[in-house]
Structures are given as structure tokens and as C-alpha cells.
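Every number here is computed from the coordinates shown, using simple stated rules; none is lab data. None of these values were measured; they are calculated from a predicted model. Glycine gets a Cβ as well: all are built from the backbone with ideal geometry, and neighbour counts include every protein chain shown.
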Amino acid sequence: MNEAHRLAILVESLLFVADEPVSVGRLARALESTSEQVEEALQELEAALQERGLRLQRMGDRLQLVTAPEAAPYVERFLGLGERRRLSQAALETLAIIAYRHPISRPEIEAIRGVNCDSVLRTLLVSGLIEEVGRAPVPGRPILYAPTFAFLQHFGLQRPEDLPPLENGFVDQNSTPHKEGSQAKRPKLRGRGDFAAAAFGRRRKIPPSSPPLARRRRRAGEGRGQGVG
């Protein structure tokens, strides 16, 4: 067994027992390896998992193991979870905007949708599909929102980059996203229902993935009857 393969096995073991998403740096420290070596091990692990019942889910520097999306109905039946309700159109539109343009503030979301988004943002926050990730470097310092690992699980995605590409005309390519200390404008998204359909139309019927065993047991009760309005 070569060193890279041995490290991939150890990484899988640590991710399996983790209670929450783990950073590459934390894995490297636990394994007394470098971040580069862990990244190589993660690539090998991700390739190996494609033929198995687990998937490697990643958002930025954090990772976790989840069940394969195609196993979701069987996992839910096994755990006795109720059928998940679909997102409302308002929630879907707001979530789509956040997914593609994060980090993004409430005023920017409302400028795109053309309606007040306080209620739907609260609902998405409570459901765990989005989270607060900081404040924008503009007057008023509005809160910035981004999708969470629960968002990836809900849509059966392994990483944000797996979202379907936007249709032409939805993004203004001449603008740039927020940077700390910068007043640059964010990309403008055009359209409402059409944009949401382009973003998630093919994803809404894909079964969600589930956290691994260590977290499935703890969260089984949390998922019962939970929906997004």
C-alpha cells in the first residue's frame, strides 16, 4: 500500500466519525501531514467513492461524507423520515440568487427579486439552507448570506460548482463581486421565476443526500416534517 492510498483511507475514517464538516487544515494536523498531501488523498478518495454509497461533499475548505443522492429514499425510509416538502417559489428564487451570487446581502437580493425578502430569508436561515457569513463593506454594513452544507444535501450536490450553468443573459459579466474594502458592484442577475428555473429546475427532483451514520442518528428527529415556506 503506497502512502497516498494509506492517507486516503485515514482521511475517510476521520470524515466518517466527524460530527461536522472538517477543514483540510484540521485533517492535516490530525494526520501529521501537509495540506497538499491531504488534498491529494481527497482526490483519490473522491474518485473511489463514485462507485460506493458515500460521496465527498465540499464547500470551500470544509468537507464531509454524505450518502449518495440516489440512496436518499431508502435512507429516509430506513430512518423513518417523512417526505420533504418542496421549496416555495419565493424561497427557491431567493435561494437560487444566494447560491449563485454568494456572499450577497438582503438589499441586493431584494433589488433582483423586486420584493421584500425578510420573511423568506428568516425561513431559509431557520431551515439551515443559508447562513450569515459576514457584512458587506458598504454603508450600513448589511449582512452577507451564503449557502450551507444543508443546501448541498437538499439538492444532492457535492459542491457549489455542481450547480447547473445559468442561461445566457442572467449575469452581467462586466461587474465583479464584493471584496473587503472595495465598493465594486456585484454581478446583476436578471429575471425571477425564469432564473430560479434555470438554477434549480433540474435539481428539484434529485433526491437529497444524507449525513453519515454519526450524524444521521442525531438528526433523524430534526428532519421530521421540516419544510421551507
The range 136-163-the range 49-124 distance, computed between alpha-carbon centres (Å):
9
Quick one: net charge of VAL38's neighbours, Cβ under 14 Å, K/R +1, D/E -1?
-4
Simple label model, 7 Å out from Cα along Cβ direction - VAL115 to GLU20, nm:
3.4
First select every other residue whose beta carbon is under 11 angstrom from the beta carbon of LEU10; then total the charges, Lys and Arg +1, Asp and Glu -1.
-2
In nm, give the distance between the simple-model label positions of ILE143 and GLU70, each being 7 Å from the Cα along the Cα-to-Cβ direction.
4.0
Extending each Cα 7 Å along its Cβ direction at GLU3 and VAL126, get the distance between those two points in nm, one decimal.
5.2
